[in-house]
Amino acid sequence: MNALRHCACSIVLALLCWHVAAARASDVPYVPTPMNVVDAMLALGGVGPGDYLIDLGSGDGRISIRAATRFGTRGMGVDLEAHLVNSANDDAKKQGIADKVTFAVRNLFDTDLGRATVITAYLFHSVNLRLRPLLFEQLKPGTRIVTHDFDFGDWPPDQKLTIDVPDKAYGPPRSDIMLWVIPANFAGTWQWPVAGSATHELRLEQKFQMPVGAAMAQGRPSRLGEARIKGDTVSFTLTGEAGVQRYSGRISGNVISGTVVLRDGDPPLPWRAERIKTGKINIGNMSGSINALRQVAASSPLKER
Ligand SMILES: C[S@@+](CC[C@H](N)C(=O)[O-])C[C@H]1O[C@@H](n2cnc3c(N)ncnc32)[C@H](O)[C@@H]1O
């Protein structure tokens, strides 16, 4: 009898948990992105016909629908509000692009992001910060993320612009639009020969898309400068006694292939570096992010509860 009661209680508890999860309150209220901001977001993300765009918290679907009607972009949107998802799917049908974009009632945190080449989001900082590790875990290097007004704390955007929005529903009549590109992992120790002579070595650490490091060129310390990572490409200079060498290349596994200019004015030569020791991308800690969040929260037009 006790076992039966125990079993019944477990079933009731499981059902309750399922109901609470299913009725999970939205993390952000619905506020549509004005259409001039949508267009600016698509332009900043360089969205085109070859992209697969996922709008996280898609509302009435306007971002994905605009990308599909303007550029033929495929994609999907997820939202917790069934009435918004229904209206987005109806609109996609009306506009004749239902074969390109679909909308589903789903928690954005339970959404598989791996197929995306572009992610768009108009969510709170706190939600972006919870999302951040998932983006690094699931997205391919080179995937663009475009947000409206809210950033990712101490992960600096690759590009940011502010545009006038005369019909903005909240706060000052302007919007920030930001772009991030998921970086490949360049961290570790790289070696290569130059002009057949002694090995160059570069030890790189990487925080988000920002590389820092120390280099040895032909056995002598060399200063690393102008280091940039964008998606799967890297560029940097090494400055030593012989002058400035300019490197740029693309990563594939543990190899970078590209070109080097050994002296200003020289033609570029082929460059191939091998990683002899791998490292990890530092994607920051949450306490740094929470501090950044506190600083910006006071000035956010769309207030977090
Ligand atoms: C500020 S609106 C943005 C709507 C649309 N992306 C746009 O820019 O016009 C945020 C949307 O996220 C949805 N949302 C909030 N929390 C969510 C979650 N955990 N999973 C999926 N959608 C969520 C809300 O229902 C709302 O429609």
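The values are calculated or read from the model by the stated rules, or taken from the named source; none is laboratory data. The shown structure was predicted, so the numbers you read here are calculated from the model rather than taken from an experiment. Glycine gets a Cβ as well: all are built from the backbone with ideal geometry, and neighbour counts include every protein chain shown. The accessibility values were calculated without ligands, DNA or RNA, using every heavy atom of the protein model including side chains. Shrake-Rupley method; radii C 1.70, N 1.55, O 1.52, S 1.80 Å.
What the table shows:
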{"item": "Solvent exposure of the stretch 188-279 as accessible area per residue, Å², 1.4 Å probe", "result": "56"}
{"item": "Förster radius 30 Å - calculated FRET efficiency between Asn285 and Phe109, Cβ distance, rounded to 0.05", "result": "0.90"}
{"item": "Where Rh is the Kirkwood radius over Cα pairs, Rg/Rh for the stretch 152-255", "result": "1.17"}
{"item": "Gln218 long-range amide H proximity, modeled H, under 5 Å", "result": "His200, Glu201"}
{"item": "Distance in nm between pseudo-label sites at Thr239 and Thr189 (7 Å out along the Cβ direction from Cα)", "result": "2.6"}
{"item": "In nm, spacing of pseudo-spin labels at Arg250 and Glu137 (7 Å Cα→C-beta vector)", "result": "2.9"}
{"item": "Other-chain or far-sequence residues with amide H under 5 Å of Thr143's (modelled H)", "result": "Ile182"}
{"item": "Portion, in percent, of the accessible area of the stretch 188-279 that falls on carbon or sulfur, probe 1.4 Å", "result": "51"}
{"item": "Within the stretch 210-282, GluC sites (Glu not before Pro) in DSSP loop having at most 16 other beta-carbon neighbours inside 10 Å", "result": "Glu241"}
